[in-house]
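Below: the structure, in structure tokens.
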Ligand SMILES: [Fe+2]
């Protein structure tokens, strides 16, 4: 019986377990026990949210383009390979045209860079998989060990590119396709925490009249980026339901950090 329960928790069918997992999370949150719910209640709990993305100036050939966003996979000793592979299968079932991975692909050492690249290479798309990097992809040292941070970020970039994935570090990628006159521009920003973000470089030469989607790991600087042309920004980092919206998170996170925590936000006529 115990073994069966363990197996059930390890290999959840997200379609059936969503309701009760949410209920447990809410109850523990009310009691101030948030954080504990991650083990084992929601460590492997995945929601799929569908959002329509109106984009002015989008080429008619891209009208039904389907972008799937993944973020903060944090491949490490506490995130199993089995979980991530299962995840890839679910994404492939959604039949995406494009997959974007908005940072924090790994938390562990170098070996996880190769492993996550191999797993993500199994995503099937028509137009590619685009990755940007987050703070944990550079290490947990922030700005204090720039040489080691860069070495690790570069290694992850190479691992991903070697397997055919696109990596944007303050760069733009144009999504075209058959019969597309005006491409969709995907501007990928580098990580803010480590100081590698350079929006001026990322947007250099980008036609502002094109439909532009920005990938930005940490949405903390969304308002500072309003001077740049983007219609949608896809971000991650905040682990909203795990921390930022919890009782504990609200108590210890500053207001600025809590402005954009999870889900969809309209921001001065744009979309985060
Ligand atoms: Fe992060």
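The values are calculated or read from the model by the stated rules, or taken from the named source; none is laboratory data. These numbers come from a predicted model, not from an experiment. Neighbour counts are summed over all protein chains in view; Cβ atoms, including those assigned to glycine, are modelled from backbone coordinates with ideal geometry.
So which residues in segment 187-203 are more than 16 Å from the ligand (Cβ to nearest atom) and either surrounded by 21 or more Cβ atoms within 10 Å (Cβ to Cβ) or within 18 Å of residue 75 (Cβ to Cβ) (or both), if there are any at all?
Within segment 187-203, 187, 202, 203 meet the criteria.
Given (1) surrounded by fewer than 21 Cβ atoms within 10 Å (Cβ to Cβ); (2) away from the ligand (no atom under 16 Å from the Cβ); (3) under 18 Å from the mean Cα position of the chain (by Cα), where does residue 212 come up short, assuming only one miss?
Only one criterion in (1) surrounded by fewer than 21 Cβ atoms within 10 Å (Cβ to Cβ); (2) away from the ligand (no atom under 16 Å from the Cβ); (3) under 18 Å from the mean Cα position of the chain (by Cα) is unmet by residue 212, namely (1).
With (1) away from the ligand (no atom under 16 Å from the Cβ); (2) farther than 13 Å from residue 191 by Cα as the list, and residue 167 as the residue in question, which single condition is left unmet?
With (1) away from the ligand (no atom under 16 Å from the Cβ); (2) farther than 13 Å from residue 191 by Cα applied to residue 167, the lone miss is (2).
Test each condition in (1) surrounded by 17 or more Cβ atoms within 10 Å (Cβ to Cβ); (2) within 20 Å of residue 123 (Cα to Cα); (3) touching a helix residue (DSSP H, G or I) at 6+ places or on another chain (Cβ under 6 Å) for residue 163 and report the one that comes out false.
Condition (1) is where residue 163 drops out.
Exactly one condition in (1) touching a helix residue (DSSP H, G or I) at 6+ places or on another chain (Cβ under 8 Å); (2) crowded, with 20+ Cβ neighbours inside 10 Å; (3) over 19 Å from residue 69 (Cβ atoms) is false for residue 184; which is it?
Answer for residue 184: the failing condition is (3).
Please pick out the residue among 237, 255, 271, 262 that is modelled with pLDDT of 80 or more, closer than 30 Å to residue 28 by Cα and either out of contact with any strand residue (DSSP E or B) (no Cβ under 9 Å at 6 or more places or on another chain) or more than 15 Å from the ligand (Cβ to nearest atom) (or both).
Criteria check complete, one pass: 262.
Looking only at segment 164-171, decide whether some residue is at pLDDT below 95 and within 15 Å of residue 134 (Cβ to Cβ).
no
Kindly indicate whether any position in segment 221-230 is within 16 Å of the ligand (Cβ to nearest atom), in a loop (DSSP other than H, G, I, E, B) and over 21 Å from residue 58 (Cβ atoms).
Yes, segment 221-230 contains at least one residue that is within 16 Å of the ligand (Cβ to nearest atom), in a loop (DSSP other than H, G, I, E, B) and over 21 Å from residue 58 (Cβ atoms).
Name the pairs: first residue in segment 93-104 and closer than 23 Å to residue 135 by Cα, second residue away from the ligand (no atom under 16 Å from the Cβ) and assigned to a helix (DSSP H, G or I), Cβ to Cβ under 9 Å, at least 6 apart or on different chains?
Hits for this filter: 99/91; 99/120; 101/120; 101/160.
Is it the case that residue 132 is surrounded by 13 or more Cβ atoms within 10 Å (Cβ to Cβ), at pLDDT 95 or above and farther than 20 Å from residue 217 by Cβ?
no
Do we find that residue 243 is in a helix (DSSP H, G or I), surrounded by 15 or more Cβ atoms within 10 Å (Cβ to Cβ), assigned by TED's automatic domain parsing to the domain that holds residue 52 and at pLDDT 95 or above in this structure?
The answer is no for residue 243.
Taking the condition at pLDDT below 95, touching a helix residue (DSSP H, G or I) at 6+ places or on another chain (Cβ under 7 Å) and either away from the ligand (no atom under 16 Å from the Cβ) or within 21 Å of residue 69 (Cα to Cα) (or both), does residue 107 pass?
So residue 107 fits the description; yes.
Any chance segment 110-118 includes a residue that's under 15 Å from residue 196 (Cβ atoms), within 16 Å of the ligand (Cβ to nearest atom) and modelled with pLDDT of 95 or more?
Taking every residue of segment 110-118 in turn, none turns out to be under 15 Å from residue 196 (Cβ atoms), within 16 Å of the ligand (Cβ to nearest atom) and modelled with pLDDT of 95 or more.
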